[in-house]
Amino acid sequence: MKLTAEKINDEIKTIISKVAGIAKSELENDLSLRDELVIDSLKQIEIIAKTEMHLGISIDENELMALETLGDFLDLVVKAISQKGEG
């Protein structure tokens, strides 16, 4: 089954919702990961681990630390999935 950007978006928001304790309906792509969603480095590591396990991809933690918004993270995941498909 091919993952669409919409499906990836939904799955990542489900993971973030569970880790951060935020209602999935409140997760907008333009929200700041650190300031508005209050996702600290420990939560970031947990989100990365769950995302990698769930989607079978690898995400560089350093890239995640440089991201500002939820949308940036979603773009990073889509990029990782695309690279996996090419490899």
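The values are calculated or read from the model by the stated rules, or taken from the named source; none is laboratory data. Computed from a predicted structure; not experimentally measured. When we count neighbours, we look across all protein chains shown, and the Cβ atoms used for this are built from the backbone with ideal geometry, even at glycine.
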*Pull up region 1-28, narrow it to residues that are in contact (Cβ under 8 Å) with a residue 40 or more places away in the chain, among the aliphatic types (A, V, I, L, M) and more than 21 Å from Ile45 (Cβ to Cβ), then point me to the one that is surrounded by the fewest Cβ atoms within 10 Å (Cβ to Cβ).*
Ala5
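State which residue is modelled with the lowest pLDDT when the search covers only region 2-33 and only residues that are among the polar types (S, T, N, Q) and more than 20 Å from Glu63 (Cβ to Cβ).
Step one: of region 2-33, the residues among the polar types (S, T, N, Q) are 4, 9, 14, 17, 25, 29, 32.
Of the ones still in play, those that are also more than 20 Å from Glu63 (Cβ to Cβ) are 4, 14, 17, 25.
Values: Thr4: 85, Thr14: 97, Ser17: 96, Ser25: 95.
Checking each candidate, the answer is Thr4.
Can you find even one residue in region 34-41 that is among the β-branched types (Val, Ile, Thr) and modelled with pLDDT under 90?
Within region 34-41, the first condition is being among the β-branched types (Val, Ile, Thr), and the residues that meet it are 38-39.
After this cut, where a residue has to be modelled with pLDDT under 90 as well, the list is none.
The answer is no, given that none of the residues of region 34-41 is among the β-branched types (Val, Ile, Thr) and modelled with pLDDT under 90.
From Ser25, Ser32, which residue is over 13 Å from the mean Cα position of the chain (by Cα), of a type outside the set (Val, Ile, Thr) and farther than 25 Å from Lys84 by Cα? Write out each step before concluding.
Numbers: Ser32 fails: over 13 Å from the mean Cα position of the chain (by Cα).
Selected residue: Ser25, the only one of Ser25, Ser32 that is over 13 Å from the mean Cα position of the chain (by Cα), of a type outside the set (Val, Ile, Thr) and farther than 25 Å from Lys84 by Cα.
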_Subset of region 42-73 [hydrophobic (A, V, I, L, M, F, W, C), over 19 Å from Gly21 (Cβ atoms) and at pLDDT 90 or above]_ = Met53, Leu55, Ile57
*Give region 42-66 a look and list any residue that's closer than 16 Å to Asn9 by Cα and in contact (Cβ under 8 Å) with a residue 24 or more places away in the chain, or say none.*
Ile47, Lys50, Thr51, His54, Leu55, Gly56, Ile57
